[in-house]
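The values are calculated or read from the model by the stated rules, or taken from the named source; none is laboratory data. Note that this is a predicted model, so its numbers are computed, not measured. So basically every Cβ, Gly included, is an ideal-geometry build from the backbone, and we count neighbours across all protein chains shown. To get the accessible areas, we keep the full protein, side chains included, count just its heavy atoms, and leave off ligands, DNA and RNA. Shrake-Rupley method; radii C 1.70, N 1.55, O 1.52, S 1.80 Å.
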Amino acid sequence: MDRLCPRKSLGMAKNYFEIREACPACESTSTKEIYRAKFNEPPISDYLNHFYNPQGGVEFEYLEGESYILNECANCGLVYQKAIANDFLMEKLYEEWIDPKIVLENKTKNRNLNDYLALAREIETIIRHFDVPLNDLTFFDFGSGWGEWCNLAKGYGCLAFGSELSQTRIDHSRKPRVPIIPYEDIPEHRFDYINTEQVFEHIPKPLETLHYLTQSLKPNGIIKISVPNGGDIKRLLSVMD
């Protein structure tokens, strides 16, 4: 199975989870716990049912006895999840709890022209920045999902590659001939631009992954990291929204 990044041991794995003993952004061990609740009890279980049931559904037996724990790093201020899913649970989540067939059907039904125009404008902005012949540009979408970003980049005449965790999404991307690069083969390539859209918040060791990816940038290459805005996290935790 192709993977976005290897899940090296982060500590003693308990059941289907691995424990982060340090901040995943700066690797400081100076952290404090700011939230804890059982996965299979409200309010966390309510959220999981609300989010996953329309897409497939959660098997709570895999979460039995485990807690959703948030730590805050005293060094960099990152708030992060301490116990994270291991390889087995991640594959179950992306291939079963999130049913790829349902997700693809919803995406196909709900996508509109404005969605594709926004992606096209983004890629056009990148192309104009480099100001070189289109077929000289090599792009890489890390966490490429169903391959839409790569397909649009290819439509402009650029070389575009992807990397993805879900085998179902990999198979779908390959149908329109989007080349998928296994994680371990990334250093063999060089890219002008690496796109990471809503990916880094899911990575076990983001700092390590960032260093790994930037090794594959060409001189003057760019890596874009886009993640959800978590600046309001403490207020949200106070009402558990």
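For the stretch 186-202, a residue qualifies if it is in contact with a Pro (Cβ under 8 Å, 6 or more places away or on another chain) and part of a loop (DSSP other than H, G, I, E, B), and exactly one does: Gln198. Asn75 meets each of the listed conditions (1) of a type in the set (S, T, N, Q); (2) touching a helix residue (DSSP H, G or I) at 6+ places or on another chain (Cβ under 6 Å); (3) modelled with pLDDT of 95 or more apart from (2).
Once the stretch 212-241 is narrowed to residues that are polar (S, T, N, Q) and either out of contact with any strand residue (DSSP E or B) (no Cβ under 9 Å at 6 or more places or on another chain) or surrounded by fewer than 10 Cβ atoms within 10 Å (Cβ to Cβ) (or both), the residue that is nearest to Asp185 (Cα to Cα) is Gln215.
Tell me whether the stretch 169-185 contains one or more residues that are aliphatic (A, V, I, L, M), open to solvent by less than 60 Å² (accessible area, probe 1.4 Å), more than 26 Å from Glu27 (Cα to Cα) and not in a loop (DSSP other than H, G, I, E, B). Yes, the stretch 169-185 has at least one match. Tell me, please, whether a residue that is out of contact with any helix residue (DSSP H, G or I) (no Cβ under 6 Å at 6 or more places or on another chain) and in a strand (DSSP E or B) can be found in the stretch 148-160. Yes, because at least one residue in the stretch 148-160 is out of contact with any helix residue (DSSP H, G or I) (no Cβ under 6 Å at 6 or more places or on another chain) and in a strand (DSSP E or B).
Residue check: is Thr125 closer than 30 Å to Phe60 by Cβ, part of a helix (DSSP H, G or I) and polar (S, T, N, Q)? No. When Glu105, Glu59, Glu164, Glu124 are screened for being touching a Lys or Arg at 6+ places or on another chain (Cβ under 9 Å), surrounded by fewer than 19 Cβ atoms within 10 Å (Cβ to Cβ) and of a type in the set (D, E, K, R), only Glu59 passes.
Count of the stretch 125-180 residues, restricted to those that are at pLDDT below 95, under 19 Å from the mean Cα position of the chain (by Cα) and farther than 21 Å from Lys107 by Cβ, is 1.
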